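Colleague: Pasting a structure below so you can have a look.
Coordinate-derived values only; no laboratory data. Keep in mind it's a predicted model, so treat the numbers as computed, not measured. All Cβ positions, glycine included, derive from the backbone under ideal geometry; neighbour counts span all protein chains shown.
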Amino acid sequence: MRVAVIGVGSLGQHHARILAALPEARLAAVIDSDAARAKEIGDKHGVVALSDYRQLDAGIEAVTVAVPTSNHAAVVSDCLARGWAVLVEKPMAARLEEAEAMLAAAERAGRLLCVGHTERFNPAVRAVAARARDPRFIEAHRLGVFTARSTDVDVVLDLMIHDLDVILSLVPSPLESVDAVGVHALTDKVDIANARLRFANGCVANVTASRISTDRVRKLRIFEADSYTSIDYAQQEVVAYALRSSSGRPQIVRDPIEVRPEEPLAVELRSFLRAVRGENERCVTAREGLAALRAARQVVDQIGRGR
């Protein structure tokens, strides 16, 4: 499958690296508005480098889009209209109206639109998702050191949305309410945020995100009626305990969960390509990406009302 990468900055360069190596793909071109950057990445992989995706030839079948969030809607809608399947990096868009327009564009074109919520393809998350039954309380912490990347959006759309998407995929119930606080620190956007999500089935999730921490932390804890599971996204490790009854006496026992480490972005891109080919493989759909963005916007709006 002939594939191109639109936007080869800090994240898009890894799209190009992985697609150049995947047997499911033939990386045909890289595109970046910075012509020198496009040439640098194109030369590295021996492919065409362009400064405008509209210069791509008609043989392209799919593209990944890793341009700034504010440009997602225009670029993605145009690519879909050209007949290409699209994987767009998260967040799906900066505004709900844009994401809804992107979904409508995919439906009009009859083309696949997936959203790059990479943590869903983390082997540790996949191992736990296959076992989770009825989470009652979830706690997530995503802390990162400050970089200039993604400062066009606040920490909710930059970092917290990863965990919001995972939580929405784990809880089989509609999101009912959100209570959130956040503060500015180094930028004119919210840099630290905490949100408490309540679902219709009674599940509660407490989610914290910061992009000005001195430590890097990416963990999710899931509490069910008879079990506790902790996911370390970065280490791709799972620790689980379950309540068992032996001779009428309850015991807490370690529940081993095997995780086979793999680069989540590689899993995601491979799944996208196979889904485009019509194989029995799924990506994070545009509707799921829209749901995650809607939850993130609720968090942002609650923070705004609290100021």
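Colleague: Treat the count of other C-beta atoms within 10 Å as a stand-in for reagent exposure and order Thr214, Thr187 from fewest to most.
Modeller: Ascending Cβ contact count within 10 Å gives the list Thr214, Thr187.
Colleague: Alpha carbon centre of segment 58-113 versus segment 12-53: separation in Å?
Modeller: Result: 18 Å between the Cα centres.
Colleague: With no other cysteine's Cβ closer than 4.7 Å, which Cys residues of the chain count as lacking a disulfide-compatible partner?
Modeller: Lone cysteines by the Cβ rule: Cys79, Cys203.
Colleague: Mind listing the long-range amide H neighbours of Glu237? Cut-off is under 5 Å, sequence gap 5 or more, other chains count too, H placed in the peptide plane at 1.01 Å from N.
Modeller: HN-HN under 5 Å from Glu237: Asp232.
Colleague: His184's amide H: which non-local residues (gap 5+, or another chain) put their own amide H closer than 5 Å, with H modeled 1.01 Å from N in plane and none for Pro or chain starts?
Modeller: Asp191
Colleague: Order these by the 10 Å Cβ neighbour count, fewest first: Glu139, Glu281.
Modeller: Glu281, Glu139
Colleague: Kindly work out what percent of the DSSP beta bridges joining two residues of the chain are antiparallel, to the nearest 5.
Modeller: Antiparallel bridges make up about 60 percent of those DSSP assigns within the chain.
Colleague: Something else: Using the Karplus curve 6.51 cos²θ - 1.76 cosθ + 1.60 with θ = phi - 60°, work out ³J(HN,Hα) for each residue of segment 280-293 in order, rounded to whole Hz, and write x for Gly and Pro.
Modeller: Result, rounded to whole Hz: 7, 9, 10, 10, 6, 6, 4, 5, 5, x, 5, 4, 5, 5.
Colleague: Counting other beta carbons within 10 Å of each residue's own, what order do Ser245, Ser70 fall into, fewest first?
Modeller: Taking fewest neighbouring Cβ atoms as first place, the list is Ser245, Ser70.
Colleague: Quick check on segment 178-284: take the gyration tensor over C-alpha atoms, sort the square-rooted eigenvalues as a ≥ b ≥ c, and tell me if it's rounded (a/c under 1.5), prolate or oblate.
Modeller: Since a/c reaches 1.5 but b/c is at least a/b, the shape of segment 178-284 is classed as oblate.
Colleague: At 0.692 mPa s and 37 °C, plugging the Kirkwood radius over alpha-carbon pairs of the chain into Stokes-Einstein gives what diffusion coefficient in µm²/s?
Modeller: Calculated translational D: 162 µm²/s.
Colleague: Tell me, what ³J(HN,Hα) does each residue in segment 13-26 have, in order and in whole Hz, if you take phi through Karplus 6.51 cos²θ - 1.76 cosθ + 1.60 with θ = phi - 60° and put x for Gly and Pro?
Modeller: Going residue by residue, I get 4, 6, 4, 4, 4, 6, 5, 5, 9, 6, x, 6, 10, 10 Hz, with x marking Gly and Pro.
Colleague: Which cross-chain or sequence-distant (5 or more) residues have an amide H under 5 Å from the amide H of Arg211, H modelled 1.01 Å from N in plane?
Modeller: Hits under the 5 Å cutoff: Gly144.
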